[in-house]
Amino acid sequence: MANSKGNGYQSIHTAVIGPGGRIVEIQIRTHEMQEFAENGVAAHWRYKEGSQQDQAMEQTIVGLRRLLENMDDSEGFLEDLHAELFSEQVYVMSPKGDVVTLIQGATPVDFAYAIHTEVGHCCRGAKVDGRSVSLTYALKSGERVEIITSERARPSREWMEPHLGYLKSSRSRAKVRYWFNQQTSEAQIKEGQKIYQDETLRLGLGEVNQEALLHYLTLSDVRELWMALGSAKLTSSQLVKALSHPDVATKVISAFEGIESSETAFGEIEGVGHLKTHLAKCCQPVKGDPIIGWVTEENEVVIHRHDCKPGLAMLEDNQQHLVEVKWGQGSGRGRVHVHIDAFDRKRLLSDITDILTKAEINTLEVNTRTDTDDQSVTMDLLIEVLDTEQLSLVLDKMNMLPNVFSARRLG
């Protein structure tokens, strides 16, 4: 109460445990402080009569000046300004009973960064009032939050994507961005190049107009683009948006003359005549993936994904063996390997298999490994899916489960 916030807000906040173990938040203020809390800065004008200076107003101006000096982007500035002026905040408790003030809509990752930057960097799971929650859970006042950390953990680039909901506060995002900025330049460029290649292949793009792309992103050269991606200054979603511009890139469109088809686990493959086809084991293409065909010496066609790294390396010097193919009619199921990283908890495997069962997906193999030192879990599943749409749907649901760090397709 003696040291008010930058916007002039003053109050004593505490929390006590009541009957049934429920947490009750208590706020103590004078009538003047209550008026300020309810009506903001304007309420203090009624208290200015008879004084030459309003301390709360001066502190508000200081707080605004501090926000301006530390503004890293317009969106974050508006977010913080709105929170400061309109007191959109929640008050949660640490396991030790300390009250932590956060912006409304803050997540467990925001809480972790509010406790300490390193706690945020090492955050791998969270519990609220003793129950496991996802890292995108919106915290509410009075809740007790416990952060689960791992020494081997590091910030995720997904945390930088606002639409994914991992971080509400721009201050938290700034700490994540700073962490990526501290990585070595060459490592950032290498990582950025990988992200760029993965996205262009995933989108099934043909020729990319590098000059138009750099102009769209206001970057000078390709290395700067890779650096921006590797340091998380440029997010994957921002890159995809730029690549979607018609002046930047075009989709791979193949001309098929006299199309004939051949059967696979997913139905027909068009463009191979009557040749026998196989789905490549190295990349395990799923119906909906951009694909390419490789004609073997036995006159059989192996179907690879466009972004298959082993396949691309093998085909680099053998372009004459390539044939343009596409998915045809019919339906079926194909096998896909899925890898999951998580923090151990009760019913984790059950929740994952429930998602697969409700989607009517066959589970052929499940292998789990638990590190007893930090309780981290890795799972490898072999499942049968109809197409990429069904696969994406179940992966999204798995990634939303409490304690799951990532669920992704292998190959």
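A few points about this structure:
- Subset of the stretch 320-378 [among the hydrophobic types (A, V, I, L, M, F, W, C), part of a loop (DSSP other than H, G, I, E, B) and modelled with pLDDT under 85]: Val325
- Of the residues making up the stretch 386-408, not a single one is buried (at least 18 other Cβ atoms within 10 Å of the Cβ), among the hydroxyl-bearing types (Ser, Thr, Tyr) and either at pLDDT 90 or above or part of a strand (DSSP E or B) (or both).
- The residue of the stretch 354-381 that is surrounded by the most Cβ atoms within 10 Å (Cβ to Cβ), among those that are within 13 Å of Val394 (Cα to Cα), touching a residue at least 12 places away in the same chain (Cβ under 8 Å) and in contact with a strand residue (DSSP E or B) (Cβ under 9 Å, 6 or more places away or on another chain), is Leu381.
For (1) surrounded by fewer than 16 Cβ atoms within 10 Å (Cβ to Cβ); (2) part of a strand (DSSP E or B), each residue gets a yes or a no:
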site: Glu118; (1), (2): yes, no
site: Gly125; (1), (2): no, yes
site: Leu135; (1), (2): no, no
site: Val145; (1), (2): no, yes
site: Ile148; (1), (2): no, yes
site: Ala153; (1), (2): no, no
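The values are calculated or read from the model by the stated rules, or taken from the named source; none is laboratory data. A quick note: this is a predicted structure, and the numbers were derived from the prediction, not measured. Cβ sites come from the backbone with ideal geometry, for glycine too, and all protein chains shown count toward neighbours.
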